[in-house]
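Trainee: Just passing along the structure, written as structure tokens.
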């Protein structure tokens, strides 16, 4: 599942010492090797008849969530990161496990303070690397490809304009598909991207991003006020024409003492066509097929997205087994422009707990439209394009579901 890592640097840095191959091989000086192991407990609105893996749930279960390997490189002005992830899958055995590359880039820090990254890196969109959220589940931006989204290309960051930080990026292709054999051929990846699961759908290419964030102080409040723009091409693999997409967002991070308020408002639109008249499988231009975690899903082609997170950072020197906690409350929604679609809301009350290399999320989640919250028993055949779930799209079952989730992560 998705995770918010805004505070995980603390867990990584205060955990056990990382492996440094340069101690033995001088040519590898600057390279460190780390990783993480996460296990998950959940209980919620899931039918007893469905599989009871860590992701889909049952009446309550405890299982492996993720194993990952991290590479970090820093030598002089040269920097880089790599990450590979393994997941146990959706069934009760590891036969349907899947794995993929998460990060793979090399970069350079200029004397001016500017930085360039080349490779599989994080798209600059939204208020920060992980959007507004502090929770394990992110907010709804993540599930439409507009938060913590990784693509292959070039990103340039500069803060030479007073009080401003600008990101400019070009991405030739999206996250590469990993290895998986569950629900789709193109969705074994970390980031939600437009995927072609039918052979005649769309794929992302030639994406451009621009983000500007202005840092200021308003009274006693430290404020990062910003805006993001994204435009990309959707290549057609069928008889239909190529499409494109656009997204624009206004966002802020407001900090007062230990409080953080992070609001965001986004508009996006995917311009796609049907091809069923030419014998194809795409029957609606109101949805687009996206995929991640070896699981394809339908997403509304056009929507407004409000999101907000309120959190509090509290250090706990009086507690030996705890360094700090971050309680939070969050809301986000996909407000679809198609009148026949139901909106998809996500409401989270939770807290993060940190001690050394440990980072633990405890979340109580309510949603009327999220693939990872509850089992709605909506037949995929009823979806607009006849094959995938549609909680982020049509969302015909507009009922509220609940999930209580604890994720235990050890970062080394």
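Trainee: Quick one: length gained pulling residue 233 to residue 158 fully straight, 0.36 nm per residue minus the C-alpha distance?
Mentor: Details: separation 75, 0.36 × 75 = 27.00 nm, distance 2.58 nm.
Result: 24.4 nm gained on full extension.
Trainee: Sorting check: for 143-151, 272-280, which peptide has the highest mean count of neighbouring beta carbons within 10 Å, and how do the rest follow?
Mentor: Packing proxy ranking, top to bottom: 143-151, 272-280.
Trainee: Once a ≥ b ≥ c are taken as the square roots of the eigenvalues of the Cα gyration tensor of the chain, is the result rounded (a/c under 1.5), prolate (a/b larger than b/c) or oblate (a/b not larger than b/c)? If you can, show how the numbers build up before the last one.
Mentor: Values: a/c = 1.38, a/b = 1.23, b/c = 1.13.
Here the chain falls in the rounded category.
Trainee: Something else about it: Report the gain in length on full extension from residue 181 to residue 316: 0.36 nm times residue separation, minus Cα-Cα distance, nm rounded to one decimal. Before the final figure, lay out each step's value.
Mentor: Numbers: separation 135, 0.36 × 135 = 48.60 nm, distance 4.44 nm.
Gain in length upon complete extension: 44.2 nm.
Trainee: Further question: R0 = 22 Å: FRET efficiency of residue 206 with residue 335, Cβ-based, nearest 0.05? Intermediate values should be presented prior to the final figure.
Mentor: Numbers: r = 28 Å, r/R0 = 1.27.
That gives a FRET efficiency of 0.20.
Trainee: With a point put 7 Å past each Cα toward its Cβ, work out how far residue 399 is from residue 364 in nm, to one decimal.
Mentor: 2.1 nm
Trainee: So what's the back-of-envelope 222 nm ellipticity for the chain, counting only DSSP H runs of four-plus at -39500 (n - 2.57) apiece and dividing by all residues, rounded to 500?
Mentor: Numbers: 1 runs with 7 residues, N = 412.
Helix-only estimate at 222 nm: -500 deg cm²/dmol.
Trainee: Just order 360-371, 221-232 by mean Cβ neighbour count inside 10 Å, highest at the front, would you?
Mentor: 360-371, 221-232
Trainee: Shape verdict for the range 183-298, please, from the Cα gyration tensor: rounded (a/c under 1.5), prolate (a/b greater than b/c) or oblate. Walk me through the numbers before you get to the answer.
Mentor: Numbers: a/c = 3.47, a/b = 2.46, b/c = 1.41.
Prolate, because a/c is 1.5 or more and a/b exceeds b/c.
Trainee: Please figure out what share of the DSSP beta bridges in the range 130-254 is antiparallel and state it in percent, rounded to the nearest 5.
Mentor: Numbers: 43 of 43 bridges.
Just about 100 percent of them are antiparallel.
Trainee: Cβ neighbours within 10 Å, averaged per peptide: list 393-403, 234-244, 324-334 in order, most packed at the top.
Mentor: Working: 393-403: 18.8, 234-244: 17.1, 324-334: 21.1.
Per-residue mean Cβ counts within 10 Å order the peptides as 324-334, 393-403, 234-244.
Trainee: Within the range 243-262, whose backbone N sits under 14 Å from a point 7 Å along Cα→Cβ of residue 225?
Mentor: Correct set: 250-255.
Trainee: Given a Förster distance of 45 Å, report the FRET efficiency between residue 283 and residue 43 from their Cβ-Cβ distance, rounded to the nearest 0.05.
Mentor: Values: r = 37 Å, r/R0 = 0.82.
It comes out at approximately 0.75.
Trainee: How big is the Kirkwood radius of the range 130-191, worked out from every pair of different alpha carbons and given in Å to one decimal? The partial results should precede the final answer.
Mentor: On the way: mean 1/r = 0.0711 Å⁻¹.
Value: 14.1 Å, from the Cα pair sum.
Trainee: Under a no-solvent Debye model with one identical scatterer per Cα of the range 247-337, what's log10 I(q)/I(0) at q = 0.23 Å⁻¹?
Mentor: -1.12
Trainee: Using only the Cα atoms of the range 93-180, build the gyration tensor, take square roots of its eigenvalues as a ≥ b ≥ c, and label the shape rounded, prolate or oblate: rounded if a/c is under 1.5, else prolate if a/b is larger than b/c, else oblate.
Mentor: Values: a/c = 2.71, a/b = 1.60, b/c = 1.70.
Oblate is the answer for the range 93-180, as a/c is 1.5 or above yet b/c matches or exceeds a/b.
Every read-out reported here was derived from the displayed coordinates using simple, explicitly stated rules and does not represent laboratory data. Predicted model, so just to flag it, every value in this text is computed and none were measured. Here Cβ is always computed from backbone atoms with ideal geometry, including for glycine, and neighbour counts include all displayed protein chains.
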